[in-house]
Amino acid sequence: MKNTTLNICLLFSAMFLGLSCKDFNNPEQIPAYVYIAPFQKEVTLAQGSNSHQVTEAWMYADLNFLGVYEPGRAYPVLAEGLTNFRIFGGIRENAIDELISIYPMYDSIVINKELKAGRTDTLYPVLRYNSKTTFKFIEDFESNHIFTHDVDNNTNTRLEVSSEFVKEGTRSGKMEVSEASPVNEVGTTFIYEDLPVSGEAIFLEMDYYAEVPLFIGLEMFNPGQPTEKYFKLQLLPRVGWNKVYVRFNEEVRGFRKKGYRIIFSTSYDPAKEGQPQRAFIDNVKLIHL
Ligand SMILES: [Ca+2]
Ligand SMILES: [Ca+2]
């Protein structure tokens, strides 16, 4: 490999998360190409929505790590004949763009493909939840909902079902704030007591459409102790629906409380025109391994 080629490869490897360097200048081997189709997701009736925001494919071919690839493009692979691909779905954990990780709640995807030098073959990755996934709750806001706990002690604010902006079905959950009621904090009706404490993955999945910052956190309970509130992250306002995957296992392992509620908080922005200001959520799931 020429030095310039090596340097460019190393540069791109750094940019693309450790993409392995292969010598594509080798005149004796013409690569085959694989087009990675956008991820599909299959769910059972008991697993709720099939919406996902898997943005990268972590690719292995015959146990060799190929790299982290964006779906919807073709990539060269130095392999021929029957090749065993293993694909892991990658997410932006906690809505942090730099925190790209494999989502542990989905199974890896195995696809065997006959490759030929110079030819492009297509891989169709389909996501499915790991069979060990426990669904603590699924909320799609199509009828009653489970975010009835009044965290802010203001009866004028609440989460209510709405058909104004909907990700799926005919309804979503809406939280409003205004100059008169500038804070709106709600939590799950139920306290969840048996979340795993040994570091097993715990995630909150959620679609959201927020005109105001939306905070996601936990209300925590221990017998004989005051209730505590903890906010894990703030979702910034944005136009259109987005999905967030929030990891909670480090908190649950560290806090060691008897029970937890999932809580949301919004607050009025006086610098922003128009009121009421709103945050919509849909397809909320609390799941763990
Ligand atoms: Ca819905
Ligand atoms: Ca309230």
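What follows draws every value from the coordinates through simple rules; no lab data is involved. These numbers were taken from a predicted model, which means no experiment stands behind them. Neighbour counts run over all protein chains shown; Cβ positions are idealised from the backbone, glycine included.
Once you compute Rg and the Kirkwood Rh from C-alpha atoms, what is the Rg to Rh ratio for the stretch 134-288?
0.96
For Leu82 and Leu99 in one chain, what is 0.36 nm times their gap in residues minus the Cα-Cα distance, to one decimal in nm?
Length difference between fully extended and current span is 2.8 nm.
Which of Thr122, Thr157, Thr134 moves most in a GNM of the chain, Cα contacts under 10 Å?
Maximum fluctuation in the GNM of the chain, among the listed residues, is at Thr122.
Below 8 Å, C-alpha to C-alpha, sequence gap of six or more: please give me the relative contact order for the chain in percent.
19
Treat every Asp and Glu Cβ in the chain as -1 and every Lys and Arg Cβ as +1, leave all other atoms uncharged, and give the resulting dipole magnitude about the Cα centre to the nearest 20 debye.
560
Note the full-extension length gain between Lys132 and Asn50 as 0.36 nm times their separation in residues minus their Cα-Cα distance, in nm to one decimal.
Working it through step by step, the gained length comes to 27.8 nm.
Compute the Cα gyration tensor for the chain, then decide on rounded, prolate or oblate, letting a ≥ b ≥ c be the square roots of its eigenvalues: rounded whenever a/c is under 1.5, prolate when a/b is larger than b/c in the other cases, and oblate in all that remain.
prolate
Return the sequence-ordered ³J(HN,Hα) values of the stretch 70-78 in whole Hz as given by the Karplus equation 6.51 cos²θ - 1.76 cosθ + 1.60 applied to θ = phi - 60°, using x for Gly and Pro.
Going residue by residue, I get 7, x, x, 9, 9, 9, x, 9, 8 Hz, with x marking Gly and Pro.
What spacing in nm lies between the two simple spin-label points modelled at Glu164 and Glu70, each 7 Å away from Cα in the Cβ direction?
The modelled label-to-label distance comes out at 3.4 nm.
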